[in-house]
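Everything below concerns the one structure shown next.
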Amino acid sequence: MTRNQTFFLNIGWRTLLKDMGIRPEHVLRRAGLPEDTLSRVGDGLSTEAYFRFWRSLEAEAGHPLFPLKIVESVSTELFDPPLFAALCSANLLQAVQRLAKYKQLMAPMSLEVAVGSHGEMTISPRWLFAQHDVPHSLLVAELAFFIRLARLATREPVNALALTLPELPPTPHLRHVEAFFGGTITQGHPGITFSSTDAMRPFLTVNEGMWRVFEPELRRRLSELDATATTGERVQAVLLELIPGNAASIDAVAVRLGMSRRTLQRRLEEEGESFRALINSIREKLARHYLQNSALSGSEIAFLLGFEDPNSFYRAFHEWTGQTPDSARQAHLFPAS
């Protein structure tokens, strides 16, 4: 599905730059951006324009460690919708899931989240409309944000279990960066891993009431995700959110997409799709993901997929794949040579 290709810099940037002693107009002028960029409501920035903004920020800051300084300036006093939505969560795992959805709606960036066999969680940022030349400092800041978020919300000295970057920070500053993350940095695709304990550590800032304030706006934006997306694609995007909460009914999806049940059914029929086929497709994809990337039992996966009992899940999985969940997991662990 095509994602939004432009997005807006949040007004919170003014506060961050002020705290760092950097004048926003200088950053914007150097980047060749209008001076109202931080408050505009017109056209958004492209990925290329955002990279220009970030490189201009690097030049104005004049210090390799500035991305960590920016992240350390992030606080609960800073009004930033992604930050508030994350802080309202029950734990880091839920916060990252919410941020992943928000990122895809509001920025040309996605978050890939994987859970390992021991419950460890790895977060990998991916820029959707850029293959190369992502500023190194931007990657550092994106990964550092998750450390800052966890520490803010739990008031515990949470550290990364592992951290990878395409290139290591300059030698004179490597020790400082590793000290911030609490671990050694290795080279590879950008990503940060948290232990299962830290991924599930309760947030002291959990606030479902505040989350419900943000959720309607996120739902509205989700329904307008892409004017060219098919109804089937939009339904699948909503199902990915609803299935883990056992709320994936056609009525719930219709409400999320701002249409009646009858209209939703008609549009799916026009595309040669059916709600039942789509929900089974998403359930199969999620089941395979859980089997391949976690140590969850069949009963736990059945619950996450909204089945009334494990036997119903086993029968459905065999119907989809011709395999049992256990044999599919074994085939992944021990592929045929």
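The values are calculated or read from the model by the stated rules, or taken from the named source; none is laboratory data. Remember, it's a predicted structure, so these values are computed and weren't measured experimentally. Heads up, the Cβs are rebuilt from the backbone with ideal geometry, glycines too, and the neighbour counts pull from every protein chain shown. Side chains included, ligands, DNA and RNA excluded: accessible areas come from the protein's heavy atoms. Shrake-Rupley method; radii C 1.70, N 1.55, O 1.52, S 1.80 Å.
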Residue satisfying all of: in region 257-292; farther than 18 Å from THR324 by Cβ and among the polar types (S, T, N, Q); surrounded by the most Cβ atoms within 10 Å (Cβ to Cβ) among these: GLN265
Qualifying residues in region 94-118 (those that are open to solvent by less than 20 Å² (accessible area, probe 1.4 Å) and modelled with pLDDT of 85 or more) - the one nearest to GLU208 (Cα to Cα): ALA95
Options LEU174, LEU161: the member that is open to solvent by 20 Å² or more (accessible area, probe 1.4 Å), touching a helix residue (DSSP H, G or I) at 6+ places or on another chain (Cβ under 9 Å) and modelled with pLDDT of 85 or more: LEU161
Subset tally (residues that are open to solvent by less than 40 Å² (accessible area, probe 1.4 Å) and among the polar types (S, T, N, Q)) for region 177-198: 2
Region 119-150 - residue that is open to solvent by 20 Å² or more (accessible area, probe 1.4 Å) and aromatic (Phe, Trp, Tyr) and, of those, modelled with the highest pLDDT: PHE145
Cβ pairs under 6 Å, 6+ apart, first in region 20-35 and more than 21 Å from VAL74 (Cβ to Cβ), second modelled with pLDDT of 85 or more: HIS26/GLU60; ARG30/SER56; ALA31/ARG52; ALA31/PHE53; ALA31/SER56; GLU35/GLU25; GLU35/LEU28
For LEU268: the one exception among (1) aliphatic (A, V, I, L, M); (2) in contact with a helix residue (DSSP H, G or I) (Cβ under 7 Å, 6 or more places away or on another chain); (3) at pLDDT below 80; (4) more than 25 Å from GLY116 (Cα to Cα): (3)
Unmet requirement for GLU273, which otherwise passes all of (1) under 18 Å from ALA237 (Cβ atoms); (2) assigned to a loop (DSSP other than H, G, I, E, B); (3) modelled with pLDDT under 90: (3)
Residue match in region 73-93 (condition: closer than 21 Å to ASN293 by Cβ, open to solvent by 40 Å² or more (accessible area, probe 1.4 Å) and at pLDDT below 75): no
